[in-house]
Amino acid sequence: MKTVIITGISKGIGRALATKFIGEGYDIIGTTRDGKYDIDKTGITILGLELSDPQSISRCANLVKSLDKKIDILVNNAGGNADDEETVLNIDKLRQTLEVNLIGTADFTEQIIPAMNEKSHIVFISSQAGSLQEMDHISDSHSPYHYPAYKISKCALNMYARTLAARFDKDKQDLTVSAVHPGWVRTDMGGDEAPTLPEEAAENIYNFAISRPVSGKFWFNGREFPW
Ligand SMILES: NC(=O)c1ccc[n+]([C@@H]2O[C@H](COP(=O)([O-])OP(=O)(O)OC[C@H]3O[C@@H](n4cnc5c(N)ncnc54)[C@H](OP(=O)(O)O)[C@@H]3O)[C@@H](O)[C@H]2O)c1
């Protein structure tokens, strides 16, 4: 049985993705901030993970290692947007957002890598908001100056994904690294007007995560997306 770790399965895309993987017969390790989860399913191990807390990250990674399972897929889904409707960069919110979306995510990933299978897939749920090229095509309602801390965090996360892919390539390690835009999804973060249901996003991410794409790329619905 293949094992997948998904961070942030309390709600939204993470919850839908965990449900999809369970339905497909995977062994799931899911994380929530308080280590609790409201789905009544077998085949899932829930661990506590607060990405802004280095001790929580180490505790969670050590618990994963103590399960003595080789991980086939790691989906770094957990993330936050502290910006609300900000257009001016708020430094406290930037610190807070980088701590979760970039530093905590990278710290957790680095600690999980030794537990990963030789041929495995690390997926970062990034965002179109982190694409530099997309800044030239953003409509008025999502102006280039909205959510600056969130945009910066996802852009930086993309660079982490690329450097990691390059490192595995240099070391001749057969791990695949991908950044994925999930679409505009109807969740607490995406809001009620988002056209894509979490289950639809989860279906796409699942199909992508179990594939073996070229490493070090940014993707949306199975197609390459501009960085
Ligand atoms: N929805 C969209 O339109 C959209 C678009 C592009 C990218 N994304 C990305 O997709 C991913 C999932 O987003 P979503 O829409 O499903 O959002 P969501 O419904 O708000 O869920 C976010 C998940 O991340 C967890 N999380 C937040 N901060 C955390 C922290 N400090 N430590 C550990 N876990 C934390 C949340 O846990 P709690 O329940 O405890 O808060 C929750 O499980 C995020 O990375 C987001 O940036 C979403």
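Things worth noting here:
- Of all residues making up the stretch 196-221, the number that are over 14 Å from Phe124 (Cα atoms), more than 16 Å from the chain's Cα centre (by Cα) and open to solvent by less than 80 Å² (accessible area, probe 1.4 Å): 3
- Residue under evaluation Asp140, criteria (1) among the charged types (D, E, K, R); (2) at pLDDT below 95; (3) touching a strand residue (DSSP E or B) at 6+ places or on another chain (Cβ under 9 Å), criterion not met: (3)
- Residue in the stretch 174-195 that is surrounded by fewer than 14 Cβ atoms within 10 Å (Cβ to Cβ), in a helix (DSSP H, G or I) and in contact (Cβ under 8 Å) with a residue 12 or more places away in the chain present: no
- Residue list for the stretch 101-115, filter: of a type outside the set (Phe, Trp, Tyr) and open to solvent by less than 30 Å² (accessible area, probe 1.4 Å): Asn101, Gly104, Thr105, Ala106, Thr109, Ile112, Ile113, Ala115
- Scope the stretch 27-45; condition within 15 Å of the ligand (Cβ to nearest atom) and under 16 Å from Ile73 (Cα atoms); matching residues: Ile28, Ile29, Gly30, Thr31, Ile44
- Residue that is nearest to the ligand (Cβ to nearest atom) [pool: residues in the stretch 177-201 that are closer than 21 Å to Asn158 by Cβ and among the small types (Gly, Ala, Ser)]: Gly190
- Scope the stretch 123-138; condition more than 15 Å from Val185 (Cβ to Cβ) and either under 15 Å from the mean Cα position of the chain (by Cα) or open to solvent by less than 10 Å² (accessible area, probe 1.4 Å) (or both); matching residues: Val123, Phe124, Gly130, Ser131
Let's see how each residue does on (1) open to solvent by 40 Å² or more (accessible area, probe 1.4 Å); (2) in contact (Cβ under 8 Å) with a residue 40 or more places away in the chain; (3) not basic (Lys, Arg):
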residue: Ile44; (1), (2), (3): no, no, yes
residue: Leu47; (1), (2), (3): no, no, yes
residue: Leu51; (1), (2), (3): no, yes, yes
residue: Gln55; (1), (2), (3): yes, no, yes
residue: Cys60; (1), (2), (3): no, yes, yes
residue: Leu63; (1), (2), (3): yes, no, yes
residue: Asp68; (1), (2), (3): yes, no, yes
residue: Asp72; (1), (2), (3): no, yes, yes
residue: Asn77; (1), (2), (3): no, yes, yes
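- Just one of (1) touching a residue at least 60 places away in the same chain (Cβ under 8 Å); (2) part of a helix (DSSP H, G or I); (3) within 19 Å of Ile73 (Cβ to Cβ) fails for Ala149. It is (3).
- Applying the criterion of being among the basic types (Lys, Arg) and within 16 Å of the ligand (Cβ to nearest atom) to the residues of the stretch 1-26, the residue that is most open to solvent (accessible area, probe 1.4 Å) is Lys11.
- The one condition from (1) away from the ligand (no atom under 11 Å from the Cβ); (2) of a type outside the set (Ser, Thr, Tyr); (3) over 16 Å from Phe168 (Cβ atoms); (4) not in a helix (DSSP H, G or I) that Met135 does not meet is (4).
The values are calculated or read from the model by the stated rules, or taken from the named source; none is laboratory data. Since the model is a prediction, treat every value here as computed from it, not as a measurement. With ideal geometry, Cβ positions are generated from the backbone for all residues, glycine too; neighbour counts draw on all protein chains shown. All accessible areas refer to the heavy atoms of the entire protein, side chains included, with ligands and DNA or RNA removed. Shrake-Rupley method; radii C 1.70, N 1.55, O 1.52, S 1.80 Å.
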